[in-house]
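These notes are about the structure you will find just below.
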Amino acid sequence: GPSEEGGWAGWLVKQDIVPQLLAKFDSSDSAQVHENVSSALSWMLWQHGQMQWASTPTQRAAPLAKRLMEPDMVSSLLDKCLMGQGSAAEHGICVVVEVAKVAAKDLNKDPNLMTTIPMTPDPTDPNPTVDDLGSDGNSQKGSSSESAVGVGTTLGAIVERLEDLVNVLHKPPRMQPLTNSTGTLDPPLGVVRLRVLELIAMLVALENPVVEARLAALKVLPAVLDMFFKYAWHNLLHNLVRKMLEPVILAEPSAESSMLKQSLLEDGRLLSRIVEAHADNDEHVKQPKATRKGYMGQVRVLAIAVVKSAQSDKLVRKHTENAAWAQFLQAHEEITDDVKNDSTANAASPSHTLSLSRDQDFDLPSPDNFTDVPQMVELAEDNNVAEELDMPEPVDLAAQAPSATASRESPPPLKAPPAIPKSPSTAAKSPQKSPQKSPQKSPQ
């Protein structure tokens, strides 16, 4: 790199490279350009200080990452995603998700258990100090929920565009119909909407009252449920939504948690849709060679969460006190049995757990491998036997094989005695007679 002080990193800072890279998220540029820009910007956020440009690095946010996290840069990035088409929107929204992960540290909350923001020295600053985005936890404890998502913050820039992001769920970018073994998806879910849902999941996981009020006002969770039930065989989608909604249902009763919970129960008609999903599935499995719908495992987990939450939450209990829900539980006793046993039920804590350390059923590629995302989404949409959380009980093979069971309880039947072995001399001659006779008969 350049020989000036700070090396090539300092040169990139002086060139103000971040807005120049964001400008490349233009629909007129090629998909390869969009992919390279996405990888470069994600590297700024994900590198862990392995690039050391000083002999004694200080605990300071990398200058390039800091520049990308500025609200005006985030707004510009969102403009490119929301107004772009094709690969520009796909790769741009991936960067927005990574920005949101790092920005979540403003609330001293990291839903994905992501590593700390990259810590590298600012080569242009002779007196480096601890930055607001640094890893010093004490410097973040004083920030309130309102200031962390207010005007002039990274999360604030994202929350301001939340309505536009939700509109993407209803009106996605133009995509070609996808035909698979389950039928034709027009439009398919796509990378952009999957990433928007991931972004919404992170905002929900912040448990911030300002963000939750905005989510409830825009009826975001009902829109999420629409996606969940519309794409019946998209396993990535189902597991993401389950991880998003289950903690909302199980949250301890409070004024803050009631906003999203009430929106989910009333605007989203969660209980009615659970009942309808089971009824639709019962009709679906009557068809020849039909298997139950792909989301039924996750629907059962949500139903269990509702039953558990109703035991202590008056709001949830009020919605369960009706004949339709009582008949549903009576017809599906396995749900209440799971709650009673609590061993087969998903005993998740009220906190949001989007980490892979809890389970491995939702595994998106890392930002340095964004090219895998379209393939994963296509495979998920083309898989009509999606992996589910609620696996069928193991089959008792012993019960289906009475002969094998009987053999353990009674002595085996008598068999014919084994043939008397031939003498070694006879055994040695026998293999020689066979090849001698066969060549003599073959010409005849």
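Numerical summary
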item	result
Of all residues making up the stretch 203-222, the number that are in a helix (DSSP H, G or I) and open to solvent by 10 Å² or more (accessible area, probe 1.4 Å)	8
Residue ranges of helices (runs of 4 or more DSSP H) in the stretch 249-320 with at least 1 members of a type in the set (S, T, N, Q) and within 21 Å of the chain's Cα centre (by Cα)	296-310
Sole exception among (1) open to solvent by 10 Å² or more (accessible area, probe 1.4 Å); (2) farther than 22 Å from residue 190 by Cα for residue 226, by number	(2)
Considering residues of the stretch 161-207 that are charged (D, E, K, R) and without any contact (Cβ under 8 Å) to a residue 60 or more places away in the chain only, the residue farthest from residue 219 (Cα to Cα)	186
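Residues checked against (1) closer than 28 Å to residue 172 by Cβ; (2) surrounded by 20 or more Cβ atoms within 10 Å (Cβ to Cβ); (3) touching a Ser or Thr at 6+ places or on another chain (Cβ under 6 Å):
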| position | (1), (2), (3) |
| --- | --- |
| 231 | yes, yes, no |
| 236 | yes, yes, no |
| 241 | yes, yes, no |
| 245 | yes, yes, no |
| 248 | yes, yes, no |
| 258 | no, no, no |
| 261 | yes, yes, no |
| 299 | yes, yes, no |
| 303 | no, yes, no |
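The values are calculated or read from the model by the stated rules, or taken from the named source; none is laboratory data. Note that the structure is predicted; figures quoted are calculated from it, not measured. Counting neighbours? That spans all protein chains shown, and the Cβs are built from the backbone with ideal geometry, glycine included. Heavy atoms of the whole protein, side chains included, go into the accessibility calculation; ligands, DNA and RNA do not. Shrake-Rupley method; radii C 1.70, N 1.55, O 1.52, S 1.80 Å.
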